[in-house]
Amino acid sequence: MLSTMAMICALTGLVSLFDFIDLLRRTATRPNVPTTLVLEIAALHIPYYVMYVLPFGMLLGGIVCFSRLTRSSELIVARAAGISAWQFLASPLACALFTGLLTTTGISALSSAMYRQAEILDQTYLRTGGGPMTMSGGALWLRQSDESLAPHGVAIIHARDMHMANNTINVSDVTIFRLDDHDHLLMRVETPQGFLAKKEWHFQDAMNLKPDHFPVKIGQLILPSDLTVERIQESFASPDTLSVWTLPGFIALLQRSGFPSIRHRLHFQSLLALPILAGTMALVSAGFSMRPARRGGVARMLGSGIAAGFALFTVSKVAEQFGRSGALPPVLAAWAPTGAGLCLAVALLLHMEDG
């Protein structure tokens, strides 16, 4: 644990240093942005980078720990006493799993809150978007529940233009399709403008169009909604701004509303796989660093272990891109690299221990 924590702190400090340098480069053309703000943004990124470098910290920390135990012949003495590798690896594996579980359940919540604040500061002071997560000049499609006409009914809202002002989403040229639970059209509503506030859609000068009926003017129309301005903003924001505890409910809300949820589902599965990935890296480090020094080739084995870790990272990033594009299911994209690394580690340990 000490070796792992030292490596995680060292890697996090290195990545944070480069992040701070990049933020300084971006603020070079903004003399009104103080250095303290840059330091604040870089500090808010630290928990996110801790989660990012955790697998590498497990790998490098495990290599340092097991190679020291091998050089001091402690592992040789343990094997001579009848203790197999599976027995003395149980405790490091448990520590790695516990660290990954603590990161998923605790640090992810802290990281999401701090990363969200960093994104707001970045959007406000370092980017030219006009404010934190602004939305304007785009069409909107969403699907929500609508039980006023039929049980389990839905409403599909299409706005040709959308913009946000004073914490209210304003839409124009709106078409509303109100359907029953079998997706049969019950009513079509056309309205020139409307807005979302306090979980309600307010539409003015609405026109009711039913099949085989003349258009009927209904004036103001109010539709209850599960959506809020904050939730719509979060749907366009990075999934890293949401913790593992809020992601399941938010993913369900996105799917009900018609927003794409692939990024959020992939991020959620990656958080769930993080404890297993941490344990996998601990086993990989053991497999590549327990070679006795008298047999030679120790440096080559250590280098192979580091290369295997980076190869696993590359595979995970490639699988993540396939998952984002929809070519792979999010579950497979998040868990396949972890499963491949676990198979590699177990096969290597079986070869070393049992021949």
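Taken together, the residues in the range 150-176 that are closer than 16 Å to Q220 by Cα and open to solvent by 20 Å² or more (accessible area, probe 1.4 Å) amount to 3. Looking at R127, is it surrounded by fewer than 16 Cβ atoms within 10 Å (Cβ to Cβ) and closer than 16 Å to T4 by Cα? The answer is no for R127. Within the range 25-53, being assigned to a helix (DSSP H, G or I), in contact (Cβ under 8 Å) with a residue 40 or more places away in the chain, open to solvent by 50 Å² or more (accessible area, probe 1.4 Å) and over 30 Å from A278 (Cα atoms) holds for one residue alone: R26.
Would a scan of the range 54-73 turn up a residue that is of a type in the set (A, V, I, L, M, F, W, C) and under 26 Å from F250 (Cα atoms)? Explain how you work it out, then say what you get.
Narrowing the range 54-73 to residues of a type in the set (A, V, I, L, M, F, W, C): 54, 56, 58-60, 63-66, 69.
After this cut, where a residue has to be under 26 Å from F250 (Cα atoms) as well, the list is 54.
Yes, that holds for at least one residue.
Can you find, within the range 327-339, the residue that is nearest to H264 (Cα to Cα) among those that are open to solvent by less than 40 Å² (accessible area, probe 1.4 Å) and not small (G, A, S)? Lay out the reasoning, then the answer.
Taking the range 327-339 as the starting set, the residues that turn out to be open to solvent by less than 40 Å² (accessible area, probe 1.4 Å) are 330, 333-334, 337-339.
Pick out the ones that are also not small (G, A, S) and you get 330, 337-338.
Numbers: P330: 9, P337: 18, T338: 19 Å.
Here the residue is P330.
Sub-8 Å Cβ pairs linking a first residue in the range 54-74 that is at negative phi and open to solvent by 10 Å² or more (accessible area, probe 1.4 Å) to a second residue that is part of a helix (DSSP H, G or I) and aromatic (F, W, Y), at least 6 apart or interchain, are P55/F313; F56/F313; I63/F288, ordered by first then second residue.
Does A10 count as among the small types (G, A, S) and outside any helix (DSSP H, G or I)?
In short, no.
Among the candidates A94, A78, the residue that is touching a Phe, Trp or Tyr at 6+ places or on another chain (Cβ under 6 Å), surrounded by fewer than 18 Cβ atoms within 10 Å (Cβ to Cβ), outside any loop (DSSP other than H, G, I, E, B) and without any contact (Cβ under 8 Å) to a residue 12 or more places away in the chain is uniquely A78.
With the structure loaded, tell me whether D240 is more than 30 Å from F322 (Cα to Cα), open to solvent by 20 Å² or more (accessible area, probe 1.4 Å) and not in a strand (DSSP E or B) or whether it fails that test.
Details: more than 30 Å from F322 (Cα to Cα): no; open to solvent by 20 Å² or more (accessible area, probe 1.4 Å): yes; not in a strand (DSSP E or B): yes.
No.
Look at R116 and say whether it is within 30 Å of I157 (Cβ to Cβ) and of a type in the set (D, E, K, R). Answer is yes for this residue. For the range 309-326, filtered to residues that are in contact with a Leu (Cβ under 7 Å, 6 or more places away or on another chain) and open to solvent by 60 Å² or more (accessible area, probe 1.4 Å), the residue that is nearest to T338 (Cα to Cα) is F322.
Yes or no, residue by residue, for (1) under 30 Å from H213 (Cβ atoms); (2) in contact with a Lys or Arg (Cβ under 7 Å, 6 or more places away or on another chain); (3) among the hydrophobic types (A, V, I, L, M, F, W, C):
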| site | (1), (2), (3) |
| --- | --- |
| L93 | no, no, yes |
| L102 | no, no, yes |
| A150 | yes, no, yes |
| G153 | yes, yes, no |
| H158 | yes, no, no |
| L179 | yes, no, yes |
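The values are calculated or read from the model by the stated rules, or taken from the named source; none is laboratory data. Computed from a predicted model, the values in this text were never measured in an experiment. Glycine also receives a Cβ, built like all others from the backbone with ideal geometry; neighbour counts cover every protein chain displayed. Accessible surface is based on the protein model in full, side chains and every heavy atom, while ligands, DNA and RNA are left aside. Shrake-Rupley method; radii C 1.70, N 1.55, O 1.52, S 1.80 Å.
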